[in-house]
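**Q** The structure that follows is given in the form of structure tokens.
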Amino acid sequence: MNTLIAVAIAPCGTGDEFAPYVAEIVRIIRESGLPNRTNSMFTEIEGEWDDVMAVVKKATQYLTDQDLRAEVVLKADIRPGYTNMMNNKTKAVEDILKK
């Protein structure tokens, strides 16, 4: 079942600077081999449900393994029969804007 998620995983209670933690989380996601894209607020990941959720778990566990509290914000689009939603959804909007 193809799934596209937008996820933000961050530590809680570690001060004001999250970048080093977030960088490692993004590295874990990128090393998963699943299609992904990071922006200033979220990282999108696309793939089979179990594969995507395994990556979310591994990235979250990076924090909890350090005894850090983890905050996870996740939005999922599960659409059977569709693939490459990460690119096709934005392309559809861009095509309309070009008209």
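**Q** Please list log₁₀ I(q)/I(0) at q = 0.23 Å⁻¹ for the chain, using the Debye equation with identical point scatterers on the alpha-carbon positions.
**A** Log-scaled intensity ratios, in q order: -1.17.
**Q** In addition: Towards the positive end of the charge dipole of the chain, with charges on Cβ (+1 Lys, Arg; -1 Asp, Glu), say which of Val52, Tyr21, Leu63 has the farthest Cα.
**A** Checking the options against the dipole of the chain, the answer is Val52.
**Q** Let me ask you something else. Keeping to pairs on different chains or 8 or more places apart, tell me how many lysine pairs in the chain have Cα atoms under 18 Å apart. Display every interim value, and only then the final one.
**A** Working: Lys57/Lys75; Lys58/Lys75; Lys75/Lys89; Lys89/Lys98; Lys89/Lys99; Lys91/Lys99.
Step by step, the pairs that qualify in the chain add up to 6.
**Q** Rounded to the nearest 500, what is the chain's calculated 222 nm mean residue ellipticity when only DSSP H runs of at least 4 contribute -39500 (n - 2.57) each, over all residues?
**A** Numbers: 3 runs with 43 residues, N = 99.
So the helix-based figure for the chain works out to -14000 deg cm²/dmol.
**Q** Expressed in whole Å with the largest first, what are the equivalent ellipsoid semi-axes of region 3-61 derived from the C-alpha gyration tensor as the square root of 5 times each eigenvalue? Before the final figure, lay out the partial values.
**A** On the way: eigenvalues 82, 25, 18 Å².
Largest first, region 3-61 gives 20, 11, 10 Å.
**Q** I've got another one for you. Starting from 0.36 nm per residue, how many nanometres of slack lie between Asn84 and Glu31 once their C-alpha separation is accounted for? Could the numbers behind the result be given before it?
**A** Working: separation 53, 0.36 × 53 = 19.08 nm, distance 1.86 nm.
Extra length available between Asn84 and Glu31 comes to 17.2 nm.
**Q** Which value, in Å³ per residue, describes the convex hull spanned by the Cα atoms of region 42-99? Please report the intermediate quantities before stating the final value.
**A** Working: hull volume 5.3 nm³, N = 58.
Measuring per residue, one finds 91 Å³ for the Cα hull of region 42-99.
**Q** Right, next: To the nearest 20 debye, what charge dipole does the chain have about its Cα centre, counting +1 at the Cβ of each Lys and Arg and -1 at the Cβ of each Asp and Glu? Display every interim value, and only then the final one.
**A** Values: 12 positive and 15 negative charges, 94 e Å.
Here the chain has a charge dipole of around 460 debye.
**Q** Hey, another quick one. Output wanted: per-residue J couplings in Hz (rounded whole) for region 48-62, from phi through Karplus 6.51 cos²θ - 1.76 cosθ + 1.60, θ = phi - 60°, x for Gly and Pro.
**A** For region 48-62, the Karplus curve yields 5, 3, 4, 5, 5, 5, 5, 5, 4, 4, 4, 5, 5, 5, 3 Hz.
Computed from the coordinates by the stated procedures, all read-outs in this text should not be read as laboratory data. Model, not experiment: these values are computed from the prediction. When we count neighbours, we look across all protein chains shown, and the Cβ atoms used for this are built from the backbone with ideal geometry, even at glycine.
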